[in-house]
1. Using a Förster radius of 56 Å, what is the FRET efficiency between residue A:371 and residue B:33 based on their Cβ-Cβ separation? Nearest 0.05, please.
2. Between region A:313-392 and region A:37-96, how many Å separate their Cα centres?
3. Could you put A:245, A:318 in order, starting from the residue whose Cβ has the fewest other Cβ atoms within 10 Å?
4. Quick check: residue separation of residue A:106 and residue A:274 times 0.36 nm, minus the Cα distance between them. What number comes out in nm?
5. With n ≥ 4 as the cut-off for DSSP H runs, can you work out [θ] at 222 nm for the protein assembly as shown, using -39500 (n - 2.57) per run divided by the number of residues, rounded to the nearest 500?
6. With +1 on each Lys and Arg Cβ and -1 on each Asp and Glu Cβ, how big is the dipole of the protein assembly as shown about its Cα centre, in debye rounded to the nearest 20?
7. Quick check: the angle from helix A:335-349's long axis to the longest principal axis of chain A, C-alpha only, nearest 10 degrees?
8. Report, largest value first, the span of the C-alpha coordinates of chain B along each principal axis, in whole Å.
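Nothing in this text is a laboratory measurement; each read-out follows from the coordinates by a stated rule. Remember, it's a predicted structure, so these values are computed and weren't measured experimentally. Because the Cβ atoms are built from the backbone with ideal geometry, glycine has one as well, and the counts that use them run over all protein chains shown.
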Amino acid sequence: MNKDVLRVGCAAGFSGDRTDAARPVVDALIESGGPSVLIFETLAERTLALAQIARRANPQLGYEPLLDEMLRPVLADCLAHGIRIVSNFGAANPRGAARRIAELAQELNLPAARIAVVSGDDVSGADHRDALNSGLQGALAGREVVSANAYLGAEPIASALTAGAQIVVCGRVSDPSLTVGPAIAHFGWRVDEWDRLARATMAGHLLECGAQVTGGYYADPGLKDVAGLARLGYPIAEIDLDGQCVITKPSGSGGRVDEHIVKEQLLYEVHDPSAYVTPDVVADLSDAQVRQVGGDRVLLHGVRGHPRTDSLKVNVCCASGWLAEAEISYAGARAEGRARLAAGIVRERLAGIGPLRVDLIGVSSVIADDAGHWLEAVPDSGATDVRLRMALRHADRAQAERLAREMVALYTCGPAGGGGVRTSLRPTLGTLSFLMQRRLVAPRYDFFDPQQERA
Amino acid sequence: MTTSIEPLWRAAHGRTGDKGNRSNISVIAWHPALYPLLVAQVTESAVAQRFAHRRPARVQRFLLPSLHAMNFVLDDVLDGGVNDSLNLDSHGKALSFLLLDMPLEVPSELHVHLASIGPPTTSPHTQETPST
């Protein structure tokens, strides 16, 4: 056991990830014996707005809906073995999540845990409205703001851990900060040690999508085979004093950690690799290298850091109208021709309603563009089992509903042999982003106090 | 020197990510010896042409020689992105495989480094080699 290594295990890469992922990771952390942290990353761009809507309907909710399923199997062992838990599963209601975790500990007859709540990310209130309006240059005019959150960095997480938190519940923080915070707290780094922060940031980046660095989202049978995808091991980063990391996974679990897989994940959602900007640092991958240093063990080194910027990214979600989708199938001789004819009929009936997308599933389901350039250029391929899908967005619900009615009417008015109509209508959210001056945002943490909650 | 035309996936692999209406696609050489070939042929304009039907506003290529990899950033190819697109794959997650079908001219002496399709080497129930 090396005391100079901090192990960070990641048991979720998004809201909706496998909820049985944590157990093998926690077992591996216990077996390793050194200082360790368990993170869950559950907040994608839209997740927080959906959580905000849930909270409006019920003020107790608005945190990760699968919180219980994720934590229940491992909470007792994490507390017993000193494995700290850090997560953004607080979503739109970190205090609500903390309350639920405290209840869960009680249900499991565990001693009360020290739970810290990170706040300050919510910038939807009156205090920040001027900054929102100027940052978005009028794009908010006439739109209802559902949520507005700044991406916080690692500092409040590190401070909470240093103050003795066993569990840190966050809302919107940058995903890698879930790893950087514990590293700062463990190694006692200053927050201007840019190289170290950048290396820990890339460790966090490799962890933040869960199994995507251990063989998930990689397999292509015959070319890129991965064993055991049904029981993938989730990743563990072993971070050293200088922030360098080895990515590995629980022994005996499915999946694989190799150089090619780590490279794919290293560049995932990266734009300019010399400037990966987070609230904590600007990480530079220009000279980054990966090296296999053992079975299912890959070392990342060569990452450099540059000073953090003076702004924070803010995501604003607004109600944006309705998404209507409708489908019908055709099979047998000339099926594709009949599906194309059906699309033409609906287009004519809905002329002027706005952009209307056509997919011929069985010929093309995702390659084509919304405007239809691709489909127009491709002649009838003679496909004999085709499902026509059409989709449209509209600010007005009544207009959006027309798509479903036109698709259903194809039963009697459309081409021969159409069947299996399904339609759906969903409210939609739009996301706007801008950079807000860092000084306008006040990240902080406090300890959850059940007495105070009852008062 | 004899060459043959091979699909890019024999020389490289990659993954797509998205932020807003912007997509990034990594192209990672299967072997360091294949990297110069990728740099020479998988250019910004070749990639822009590959995605012409999505009308990219800009295609940028970033080189990562120490990883034998390239990162492409395609602006405005997601029909507005995850919140606005009508595409079933509103994230554009399938786009890397569209790029990996692009034809590549490969000199015969580099063929030894190309990946090839074999029978799947594992079943879902195969036990992973234990970690060391």
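1. Numbers: r = 41 Å, r/R0 = 0.73.
Working from the Cβ atoms, E equals 0.85.
2. Cα centres, region A:313-392 to region A:37-96: 37 Å.
3. Numbers: A:245 29, A:318 22.
With the fewest neighbours first, A:245, A:318 line up as A:318, A:245.
4. On the way: separation 168, 0.36 × 168 = 60.48 nm, distance 4.73 nm.
That works out to 55.8 nm of additional length.
5. Values: 17 runs with 156 residues, N = 587.
Per the formula, -7500 deg cm²/dmol.
6. Details: 57 positive and 67 negative charges, 207 e Å.
Here the protein assembly as shown has a charge dipole of around 1000 debye.
7. Taking Cα atoms only, the helix is inclined about 90 degrees.
8. Each principal axis gives a Cα extent; for chain B these are 45, 42, 26 Å.
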